[in-house]
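The next block holds one structure in the form of structure tokens; read it before the comments.
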Amino acid sequence: MHQLPKFAVSELVNSLKGVSERRIRQEFTGRINRAILPGHLWSPSYFSASCGGAPSVIVRQYIEQPKRAL
């Protein structure tokens, strides 16, 4: 039985970007700050894809050894 997603992909990505930006700025205060790097750390865009339930071994192989289009 499949469960419906609890969060939209866009909400998840937005949350991950926000949390990671705050953590990076906290950890590297002095080296990365708003005076040196104003605005947002991440681009507002993102990419998401589905692999249709393919085993992770196959997905990894596809990523590591892409076939060139003819």
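The values are calculated or read from the model by the stated rules, or taken from the named source; none is laboratory data. Just so you know, these numbers come straight off a predicted model, no measurement behind them. Note: ideal-geometry Cβ built from the backbone for every residue, glycine included; neighbour counts use all protein chains shown.
Filtering region 20-40 down to residues that are surrounded by 11 or more Cβ atoms within 10 Å (Cβ to Cβ) and part of a helix (DSSP H, G or I), which residue is modelled with the highest pLDDT?
Filtering region 20-40 for residues surrounded by 11 or more Cβ atoms within 10 Å (Cβ to Cβ) gives 20-22, 24-25, 28, 32-33, 37.
Among the residues that remain, those that are also part of a helix (DSSP H, G or I) are: 20-22, 24-25.
Values: SER20: 91, GLU21: 87, ARG22: 87, ILE24: 83, ARG25: 80.
The residue in question is SER20.
State all residues of region 51-68 that are closer than 25 Å to SER20 by Cβ and surrounded by 10 or more Cβ atoms within 10 Å (Cβ to Cβ); if no residue qualifies, say none.
Those that are closer than 25 Å to SER20 by Cβ and surrounded by 10 or more Cβ atoms within 10 Å (Cβ to Cβ): CYS51, VAL59, ARG60.
Here are SER43, SER48: which of them is in contact with a helix residue (DSSP H, G or I) (Cβ under 7 Å, 6 or more places away or on another chain), at pLDDT 75 or above and exposed (fewer than 10 other Cβ atoms within 10 Å of the Cβ)?
Values: SER43 fails: in contact with a helix residue (DSSP H, G or I) (Cβ under 7 Å, 6 or more places away or on another chain).
It is SER48.
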